[in-house]
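Structure record follows, encoded as structure tokens.
The values are calculated or read from the model by the stated rules, or taken from the named source; none is laboratory data. Here the structure is a predicted model, which means the values were calculated and not measured. No Cβ is skipped: glycine too gets one built from the backbone with ideal geometry, and neighbour counts run over all protein chains shown. Heads up: the accessible areas ignore ligands, DNA and RNA and are worked out on the full protein's heavy atoms, side chains in. Shrake-Rupley method; radii C 1.70, N 1.55, O 1.52, S 1.80 Å.
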Amino acid sequence: MQGVTVADHPLIRHKLTLLRRKETSTASFRRLVREVATLLCYEVTRDLPMEDVEIETPVAVMQSPVLSGKKLVFASILRAGTGLLDGMLDLVPSARVAHVGLYRDPDTLQAVEYYFKAPEGLAERLTIVVDPMLATGHSAIAAIDRLKEAGAAELRFVCLLAAPEGVSALRDHHPDVPILTAAIDERLDEHAYIVPGLGDAGDRLFGTK
Ligand code: URA
């Protein structure tokens, strides 16, 4: 599908298998999410604009490329987004961070906002929204709605796993936002869990079940 990239590098696929296994411990799950996030970050930033600056090596003066423009923003959808955020920040430590607190209403499955904090100058920055699971797409859509309302103009969405339903919903609502995922699974079940998936990413990251 246009605007959707599956990052199927062998290291990502291997680590995703470990993440999916139900016997994977909380500590391993957290470490693996962080590692996969680093690999996804590498992929989602591959076309960032660059400019040459003059530097001096121990041997000679040269023109050498650095990232240009304002610092990136990573926007983490609480709480599971934190797991991906850590890995992204390992690779881009100077990025700014936005937090969007949303919970899923158990009856309607709609996203309800309880917290929002974003850095200044969103309009001039690339905003990379992170959430491990793109299930119904409600949280991703609500978070992106809110970030756009706060000024974000260029956004990308990164997740570990997506359901076809979530991909379609997000592409319909925000066709300008490319999606990068490590895999697209079969479907959602009646409780809006991704099948086969990996369970509840937040619970597995934080050991809350
Ligand atoms: N959120 C999760 O953590 N897991 C799913 O399968 C769906 C939504």
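Quick one: dipole size for the chain, taken about the Cα centre, charges +1 on Lys/Arg Cβ and -1 on Asp/Glu Cβ, in debye to the nearest 20.
Charge dipole, the chain, about its Cα centre: 620 debye, nearest 20.
In whole Å, what are the extents of the stretch 133-209 along the principal axes defined by its C-alpha atoms, from largest to smallest?
That gives 37, 26, 22 Å along the principal axes, largest extent first.
Can you tell which of Leu18, Ile128, Ile184 lies farthest toward the positive end of the dipole of the chain, using +1 and -1 charges on the Cβ of basic and acidic side chains (Lys, Arg; Asp, Glu)?
Working it through, the farthest residue towards the positive pole turns out to be Leu18.
Quick check on packing: order 105-114, 89-98, 49-58 by the mean number of other C-beta atoms within 10 Å, highest mean leading. Walk me through the numbers before you get to the answer.
Working: 105-114: 11.9, 89-98: 15.6, 49-58: 9.3.
Taking the mean over residues of other Cβ atoms within 10 Å, the ranking is 89-98, 105-114, 49-58.
In deg cm²/dmol, rounded to 500, what helix-only [θ] at 222 nm does the chain give when every DSSP H run of at least 4 residues adds -39500 (n - 2.57) and the total is split over its residues? All intermediate terms of the calculation are to be shown ahead of the outcome.
On the way: 6 runs with 69 residues, N = 209.
Theoretical 222 nm ellipticity from helices: -10000 deg cm²/dmol.
Starting at the first residue of the stretch 22-37, write each ³J(HN,Hα) from the Karplus equation 6.51 cos²θ - 1.76 cosθ + 1.60 with θ = phi - 60°, in whole Hz, x for Gly and Pro.
Using θ = phi - 60°, the values come out as 5, 8, 4, 6, 4, 4, 5, 4, 5, 5, 5, 4, 4, 5, 5, 4 Hz.
Amide H of Leu180 versus every other amide H placed in the peptide plane: which residues, excluding those fewer than 5 positions away on the same chain, fall under 5 Å?
Under 5 Å from the amide H of Leu180: Thr5, Phe157, Val158, Cys159.
Write down the percent of antiparallel bridges among all DSSP beta bridges whose residues are both part of the chain, to the nearest 5.
Numbers: 15 of 40 bridges.
So the antiparallel bridges amount to about 40 percent of the total.
How many angstrom separate the Cα center of the stretch 153-183 from the Cα center of the stretch 50-96?
23 Å
Once Lys and Arg get +1 and Asp and Glu get -1 on their Cβ, which of Ile194, Val6, Thr45 lies farthest toward the positive end of the dipole of the chain?
Ile194
With a point put 7 Å past each Cα toward its Cβ, work out how far Lys71 is from Val195 in nm, to one decimal.
Going by the 7 Å Cα→Cβ label model, 4.4 nm.
Sort Glu124, Glu190 by heavy-atom solvent-accessible area, probe 1.4 angstrom, most to least. Walk me through the numbers on the way to the answer.
Working: Glu124 115, Glu190 150 Å².
The ranking, largest first, comes out as Glu190, Glu124.
Label point 7 Å out from Ala123 along Cα-to-Cβ: which residues of the stretch 145-177 have amide N under 18 Å?
145-155
In Å², what does the accessible area per residue of the stretch 57-169 work out to with a 1.4 Å probe? The partial results should precede the final answer.
Numbers: 4980 Å² over 113 residues.
Per residue, the stretch 57-169 has 44 Å² of solvent-accessible surface.
On a 0 to 90 degree scale, rounded to 10, what angle separates helix 164-173 from the longest Cα axis of the chain?
60 degrees
Could you work out the relative contact order of the stretch 35-184, using alpha carbon pairs under 8 angstrom and six or more residues apart, expressed as a whole percent?
On the way: 286 pairs, mean separation 31.5, N = 150.
This gives 21 percent for the stretch 35-184.
How big is the accessible area of Phe157 in square angstrom, nearest 10, if you roll a 1.4 angstrom probe over the protein chains?
Its heavy atoms expose roughly 0 Å² to the probe.
Any idea what angle helix 138-149 forms with the longest principal axis of the chain, computed on alpha-carbon atoms, 0 to 90 degrees, nearest 10?
The angle comes out near 40 degrees.
Once every Cα of the chain carries one equal point scatterer and solvent is ignored, give the base-10 log of I(q)/I(0) from the Debye formula at q = 0.09, 0.12 Å⁻¹, two decimals.
Ignoring solvent entirely, the Cα scatterers give -0.35, -0.60.
Where the only charges are on Cβ atoms (+1 Lys, Arg; -1 Asp, Glu), what is the dipole of the stretch 11-60 about its Cα centre, to the nearest 20 debye? Please report the intermediate quantities before stating the final value.
Numbers: 9 positive and 8 negative charges, 191 e Å.
Dipole magnitude for the stretch 11-60 comes out near 920 debye.
Give me the one-decimal nm value for the distance between modelled label points at Leu18 and Glu54, 7 Å along each residue's Cα-to-Cβ direction.
4.7 nm
For Leu78, list long-range residues whose amide hydrogen, built 1.01 Å from N in the peptide plane, is under 5 Å from its own amide hydrogen.
Close amide H contacts, sequence-distant or interchain: Val100, Gly101, Leu102.
For the stretch 37-120, what are Rg and Dmax over the alpha carbons, in angstrom?
18.0, 66
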